[in-house]
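In what follows, a structure is listed as structure tokens, so that the remarks can point back to it.
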Amino acid sequence: MTSHSSTTHESSTTAPATRPAAPMTMAAALNAAIRDAMVDDSSVVLFGEDVGPLGGVFRVTDGLYAEFGETRVSDSPLAESGIIGTAIGMAIYGLRPVVEMQFDAFSYPAFEQIVSHVAKMRNRTRGKIQLPIVIRIPYAGDIGGVEHHSDSSEAYWASTPGLTVVTPSNPADAYSMLREAIASDDPVIFMEPKSRYWSKAELALPVRTAPMSTAVVVREGTDVTLIAYGPTVKTALATAELATEEGLSIEVIDLRSLSPFDDATVSASVRKTSRAAVIHEAAQFGGYGAEVAARLTERNFYYLSAPILRITGFDIPYPSPKLEEYFLPTPDRILAALGTWEWS
Amino acid sequence: MPHDYVMSLNVESAPVLTQAAPTPLRLIDDAGRAVDPSEAGGFALPAPDILLGLYRRMVVARRFDVQVTALTRQGRLATYPSALGQEACEIAAVASLRTDDWLFPTYRDSIALLTRGVPPEDILASFRGEWHSGYDYYQHKIAPQATPLATQALHAVGLATASKLKGDHTVALTLLGDGATSEGDAHEAFNFAAVWQAPVVFLVQNNQFAISVPLDKQMACRTIADKAIGYGMPGYFVDGNDVAAMYAVVSAAVDTARNGGGPSLIEGLTYRMEAHTNSDDPTRYRDSSDVEVWRGRDPIERLEKYLVSVGVLTDGERAGITREAEELAAATRECMTKTAVIDPLELFEHVYATPRTALAEQRDFLANEIAEHEAAAAKTTGETA
Ligand SMILES: Cc1ncc(C[n+]2csc(CCOP(=O)(O)OP(=O)(O)O)c2C)c(N)n1
Ligand SMILES: [Mg+2]
């Protein structure tokens, strides 16, 4: 990283005013969120593998190096623990680092820094040191990725006290939640569903959606609540659409935040429909769905007409591209699972 | 810098791996004599008043260390990793820094905290088991003592880089153990620092053991300092029991970092005189005769001989230093009599900046449970009375 005390590129940027609505991919929305945050707050810095001139392997940081320069956007050496560890030191000194783990499975070398320091620093220092770091992790599959490029690692992070774990499912949330994550004084694991990077929406930036910590009912229904997040929101919505043919009214919840979990919104929906299933790509055993099912059961047992189901990836490593269609939960598989309930 | 113990990127002076380990740089020898300037690697012996100051701080630090070890043996502290015998490294590190520089210490380095001004009760908070860490980081510019090995080295590199990005002149110094240099984070830190030319100093205290494991089971190269060349930064192999040499080299490295010259790796060759912690049993893995050899190389005695020989350490000085050390020991014992009561509900306070409903519920649950227990206890006391 080179310092340019007097030659910062900030002068070339403008404060983000409301811009006319335009179709935008999730990747572009994330890019805009980082850019706007960097314009608003000079303490925001960005680094990671290939995030500089290349703009990241998914182009999420496209153009930022050119706009902000080496001082604020830089390619780091290729070492994930090093990226997180140095981000911690920068945050102690007052910067707000936004760092990228190139792919889900390549965040594992940084596990110790994230779990032992990022998550614990505020607590172990009795609130004296805070680490406003955003760790962006492209995750999940359905992109025909080779081995180690399609993991869903959310349960590791979500079960770690001290971390905030969020995942947008659409471009508007991508922008809004990333702005909120960067502004947060808590460290945030920001999980980006790779298969949704190229999904498009009409956005008038700077768009603001519901608070990052809340779940949202994205489709109302009366018979079943499908609880999804990130890549499976699309699957759940498709399932709900298909179910109308069978006269089944499905409510779909986009969790958005995995930690914290929005008990109020989800429990209200489950009490209304009395049936719920949680859908994720990650393996089932010890997965995030287990927590969802357990806490909803504890809180709403007497409102339930059926056990809460988990429709998830199998308990196997993520398969090769030609086999991933068998692994991923599909609307058919979800409907079949709902059909195993006794319907009276 | 043609000396064997000063590695640089200069190809002519690059180390040859088949060479025997060099002797470490020293400015004052075991017998307390200043070495010939021709053997001083271009480093000047610090002035007598500086050496006297280092001596005073080493004596005071040792008194603290011995006191805390005693308290631990009495079972009054959960644990304490002693730095007995490593005072030259610890004190040289702190003395080389300005107040606005940052120190990134490990569990081993409590006397460095003490020397930088952290009150004994704040140092002992973690060892007493009150909270995981207990001092004012921003006041003292000291990061929390790190236990996950070598992780703090990356934090130091990050902070130093942030200082550079902001155009400040803050330097970061991190302390590492010899065993910790085997960790991936140590290598990542060395490499990031060199690539980013971060104003950071890595000071490895080679006390020759990682708990029970000797250095030859950690690495196959001559010295830890040799590794620096692989990353593109200078490495210095220094007698870690010679505070004069340690101070001269660390200060030079800190100056280099401050002036834009990038990172340095310094290895101080020393010895861990005590057990790893109170729960360790060193008789299972090392000979007490080795320990005795190193007792003969004591860093404080060595400097004392020198200072007496040049007439700087008078009886009056000595008495003053002893008094200061004893006062500190008394204050340390005294702080143990005060029991810090931490409200268990504070457990929920510092996990997140943003309040969470679930944590508030758990805090209320614990509060209720405590209240019920207290009510039950009061009732029992009432009945027996
Ligand atoms: C990542 C990690 N692995 C293992 C440990 C357990 N451990 C604590 S101290 C220690 C030995 C460290 O030796 P060294 O780095 O030489 O430092 P010293 O204790 O001698 O000062 C070990 C293995 C740890 N703290 N962190
Ligand atoms: Mg050691």
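Considering each residue of the range B:30-54, count those that are of a type in the set (Asp, Glu) and modelled with pLDDT under 95, and give that number.
Number of matching residues: 2.
For the list (1) over 28 Å from B:Pro214 (Cβ atoms); (2) buried (at least 24 other Cβ atoms within 10 Å of the Cβ), I need the number of the one condition that B:Leu176 fails.
Here B:Leu176 clears every test but (1).
Looking at (1) away from ligand 1 (no atom under 16 Å from the Cβ); (2) within 14 Å of chain A (Cβ to nearest Cβ); (3) of a type in the set (A, V, I, L, M); (4) in contact with a strand residue (DSSP E or B) (Cβ under 9 Å, 6 or more places away or on another chain), which is the only condition B:Val195 fails?
(4)
Looking at B:Thr170, is it more than 16 Å from ligand 2 (Cβ to nearest atom), within 14 Å of chain A (Cβ to nearest Cβ) and not aliphatic (A, V, I, L, M)?
So B:Thr170 passes the test.
Tell me which residues, restricted to the range B:35-63, are of a type in the set (D, E, K, R) and outside any helix (DSSP H, G or I).
Result: B:Asp36, single match.
Does the range A:320-337 contain any residue that is in a helix (DSSP H, G or I), small (Gly, Ala, Ser) and surrounded by fewer than 20 Cβ atoms within 10 Å (Cβ to Cβ)?
Step one: of the range A:320-337, the residues in a helix (DSSP H, G or I) are A:321-327, A:331-337.
Subsequent filtering for residues that are small (Gly, Ala, Ser) retains A:336-337.
Still in the running and surrounded by fewer than 20 Cβ atoms within 10 Å (Cβ to Cβ): A:336-337.
Looking through the range A:320-337, at least one residue is in a helix (DSSP H, G or I), small (Gly, Ala, Ser) and surrounded by fewer than 20 Cβ atoms within 10 Å (Cβ to Cβ).
Given the conditions (1) over 14 Å from the mean Cα position of the chain (by Cα); (2) part of a helix (DSSP H, G or I), and given that A:Asp142 satisfies all but one, which numbered condition is not satisfied?
So A:Asp142 meets the others, but not (2).
B:Tyr306 fails exactly one of the following numbered conditions: (1) touching a residue at least 12 places away in the same chain (Cβ under 8 Å); (2) under 23 Å from the mean Cα position of the chain (by Cα). What is the number of that condition?
Among (1) touching a residue at least 12 places away in the same chain (Cβ under 8 Å); (2) under 23 Å from the mean Cα position of the chain (by Cα), the lone unmet condition for B:Tyr306 is (2).
So if I check each of B:Thr161, B:Thr151, B:Thr181, which one is under 21 Å from A:Glu70 (Cβ atoms) and either surrounded by 24 or more Cβ atoms within 10 Å (Cβ to Cβ) or among the basic types (Lys, Arg) (or both)? Talk me through it step by step, then tell me what you get.
Details: B:Thr151 fails: under 21 Å from A:Glu70 (Cβ atoms); B:Thr181 fails: under 21 Å from A:Glu70 (Cβ atoms).
Just a single option satisfies the conditions, and that option is B:Thr161.
Output the residues belonging to the range B:213-234 that are loosely packed, with under 15 Cβ neighbours inside 10 Å and within 14 Å of ligand 1 (Cβ to nearest atom).
Within the range B:213-234, B:Val213, B:Pro214, B:Asp216, B:Lys217 meet the criteria.
Kindly provide the set of residues from the range A:196-234 that are within 24 Å of A:Ala336 (Cβ to Cβ) and buried (at least 23 other Cβ atoms within 10 Å of the Cβ), ordered by number.
Matches in the range A:196-234: A:Val224, A:Thr225, A:Leu226, A:Ile227, A:Ala228, A:Tyr229, A:Gly230, A:Pro231, A:Thr232, A:Val233.
Find all pairs meeting these conditions: Cβ atoms under 6 angstrom apart; at least six residues apart or on different chains; first residue within the range A:175-187 and away from chain B (no Cβ under 14 Å); second residue surrounded by 24 or more Cβ atoms within 10 Å (Cβ to Cβ) and among the small types (Gly, Ala, Ser).
Listed by first residue and then by second, the contacts come to A:Tyr175/A:Ala29; A:Tyr175/A:Ala33; A:Leu178/A:Ala33; A:Arg179/A:Ala33.
Surrounded by 14 or more Cβ atoms within 10 Å (Cβ to Cβ), under 30 Å from B:Gly268 (Cβ atoms) and small (Gly, Ala, Ser) - does that describe any residue in the range B:364-372?
No, the conditions are met nowhere in the range B:364-372.
Within the range B:249-263, does at least one residue satisfy the condition of being part of a strand (DSSP E or B), at pLDDT 95 or above and either surrounded by fewer than 24 Cβ atoms within 10 Å (Cβ to Cβ) or more than 13 Å from ligand 2 (Cβ to nearest atom) (or both)?
The answer is no; no qualifying residue exists.
Answer with yes or no whether B:Ala153 is small (Gly, Ala, Ser), within 16 Å of ligand 1 (Cβ to nearest atom) and either modelled with pLDDT under 95 or in contact with a Ser or Thr (Cβ under 6 Å, 6 or more places away or on another chain) (or both).
yes
For the subset of the range B:75-121 comprising residues that are acidic (Asp, Glu) and more than 16 Å from ligand 2 (Cβ to nearest atom), which member is farthest from the other protein chains (Cβ to nearest Cβ)? Please lay out each step first, then the result.
We begin by selecting, within the range B:75-121, every residue acidic (Asp, Glu); these are B:87, B:90, B:100-101, B:109, B:121.
The next check asks that each one be more than 16 Å from ligand 2 (Cβ to nearest atom); those that pass are B:100-101, B:121.
Values: B:Asp100: 11, B:Asp101: 12, B:Glu121: 14 Å.
Residue satisfying both the conditions and the ranking: B:Glu121.
Kindly establish whether B:Gly240 is of a type outside the set (Asp, Glu) and at positive phi.
no
List the number of the failed condition for A:Ile34; all other conditions in (1) at pLDDT below 95; (2) assigned to a helix (DSSP H, G or I); (3) surrounded by 22 or more Cβ atoms within 10 Å (Cβ to Cβ) hold.
Failing condition for A:Ile34: (1).
Of the conditions (1) in a helix (DSSP H, G or I); (2) on the phi > 0 side of the Ramachandran plot, B:Gly167 clears all except one; give me its number.
Status for B:Gly167: all satisfied but (1).
If you take the residues of the range B:122-143 that are outside any helix (DSSP H, G or I) and farther than 26 Å from B:Arg98 by Cβ, which of them is nearest to the other protein chains (Cβ to nearest Cβ)?
The residue in question is B:His132.
Select from the range B:191-248 the residues that are within 15 Å of ligand 2 (Cβ to nearest atom) and assigned to a helix (DSSP H, G or I) and write down the one among them that is nearest to the chain's Cα centre (by Cα).
The residue in question is B:Leu215.
State which residue is farthest from the other protein chains (Cβ to nearest Cβ) when the search covers only the range A:111-130 and only residues that are surrounded by fewer than 24 Cβ atoms within 10 Å (Cβ to Cβ) and within 20 Å of the chain's Cα centre (by Cα).
The residue in question is A:Phe111.
What are the residue pairs meeting all of these: first residue in the range A:42-70, first residue without any contact (Cβ under 8 Å) to a residue 24 or more places away in the chain and more than 20 Å from A:Lys194 (Cα to Cα), second residue among the hydrophobic types (A, V, I, L, M, F, W, C) and not in a loop (DSSP other than H, G, I, E, B), Cβ atoms under 7 Å, and 6 or more apart or on different chains?
A:Tyr65/A:Val73
Can you find a residue that is at pLDDT below 95 and exposed (fewer than 11 other Cβ atoms within 10 Å of the Cβ) anywhere in the range B:322-337?
The answer is yes; a qualifying residue exists.
Within the range A:258-288, which residues are within 16 Å of A:Trp157 (Cα to Cα) and in contact with a Pro (Cβ under 8 Å, 6 or more places away or on another chain)?
Those that are within 16 Å of A:Trp157 (Cα to Cα) and in contact with a Pro (Cβ under 8 Å, 6 or more places away or on another chain): A:His280, A:Glu281.
The values are calculated or read from the model by the stated rules, or taken from the named source; none is laboratory data. As the structure is a prediction and not an experimental result, all values here were calculated from the model. Quick reminder, even Gly has a Cβ in these numbers, built from the backbone with ideal geometry, and neighbours come from all protein chains shown.
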